[in-house]
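Accompanying notes for the structure given below.
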Amino acid sequence: MENPRIARHLAVEKNRTLSIKLYPEISNLTRDNPPIASFIIRVVSSVGDRKTLAHPEITDKQLKNNDDFVWAIEVPLTGKFIIDVEFVDLKTACPEGGEPCSIWAEGFLQKESSATALASLGRMLSESIHTDIVINASDGSIGAHRAVLAVRSPVFRSMFSHDLKEKELSAINISDMSIEACQAFLNYIYGNIENEEFLTHRLALLRAADKYDILDLKEACHDSLLEDIDTKNVLERLQNASLYQLPKLKTSCMRYLVKFGKIFDIRDDFNAFLQCADRELIAEIFHEVLAAWKGF
């Protein structure tokens, strides 16, 4: 079975001995991720009694260059002969990292197909291919596809399935999002978002994920917001953690404020925060403060 991305070469050198080499074609792919092959190689004489010479099976041999596998045959061979290479397995580096994976392993074809399908889905959005609904943000509009929105969000699915005004309209108004944030939201839905774009708009994406019940996006935002809490954003994140019921983020923000003493570094901001924060959240903060004081 051939892997269209990996070309292999078989070289025969005939001096006093016959040398057979097996190596990959040099390319960026094989240079960065050399194939790992398991194979059986045989030489069959095509004349007379068709004498066969077989090399012991090679297992998990990394092939980087033309010296990695060399079979020197000292038995004289006359006339024409056939070199038969039977690949038992062929591995390449997995795109997700970790152990190399077989190109013939179950699911490899499905992964390749899924990657192609995801790229095509992204093109449907970026190139506005057969869009059938318009998303109106606060300062612009983007074409999208009802079916894609419906399959990713139960809220959108409800809009298009029941007797709601959106079922008959050709547009959805999301007036609480900028066009840039809305584009990032749709890019995520279509599997086409870049990391920098995600980081820039993650608070807006969190609001959209909660509003349209996209749980995987909400969890992605939750995990990301845990990673870079500091004195400039901790109060905003604490408020969002309470509003969108993000327990890990709430705990981390409170620990940062109380146990690490940052509450004293931002005293003025914290006092202003107390004037407008939810009463239940304020009670939780003071409970955390009292618990910390008891430890001294």
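Bear in mind that the values in this text are calculations on the coordinates, not laboratory data. Nothing here was measured: the structure is a model prediction, and the numbers come from that model. We place every Cβ from the backbone using ideal geometry, glycine too, and count neighbours over all the protein chains shown.
Applied to region 181-187, the Karplus parametrisation 6.51 cos²θ - 1.76 cosθ + 1.60 on θ = phi - 60° returns per-residue 3J(HN,Hα) values of 5, 5, 4, 4, 4, 5, 4 Hz, with x for Gly and Pro.
What the phi angles of region 233-246 give under the Karplus curve with 6.51, -1.76 and 1.60, with θ = phi - 60°, is a coupling list of 10, 4, 5, 4, 5, 5, 4, 5, 4, 6, 5, 9, 6, 10 Hz, glycine and proline written as x. As a rough footprinting exposure proxy, the listed residues PHE273, PHE156 were ranked by other beta carbons within 10 Å of their own, and the order from fewest upward is PHE273, PHE156. With each label modelled as a point 7 angstrom along the Cα→C-beta vector, the THR52-SER126 pair spans 5.1 nm. In terms of other Cβ atoms within 10 Å, VAL234, VAL155 run from fewest to most in the order VAL155, VAL234. Using the Karplus relation 6.51 cos²θ - 1.76 cosθ + 1.60 with θ = phi - 60°, the per-residue 3J(HN,Hα) values for region 75-85 come to 6, x, 10, 10, x, 7, 8, 10, 9, 10, 10 Hz, with x marking Gly and Pro.
Taking a 23 Å limit on the Cα-Cα distance, which of the listed pairs LYS211/LYS248; LYS21/LYS91; LYS218/LYS248; LYS211/LYS262; LYS218/LYS262 fall beyond it? As for pairs spanning more than 23 Å Cα to Cα, those are LYS211/LYS262; LYS218/LYS262. Estimated at 0.36 nm per residue, the fully extended path between THR116 and HIS287 surpasses their Cα-Cα distance by 56.4 nm. Mind jotting down the distance between the C-alpha centroids of region 201-221 and region 236-254, whole Å? So the two Cα centres are separated by 14 Å. Distances between placed amide hydrogens fall under 5 Å for GLN62 paired with ALA37, all partners being 5 or more residues away or on another chain.
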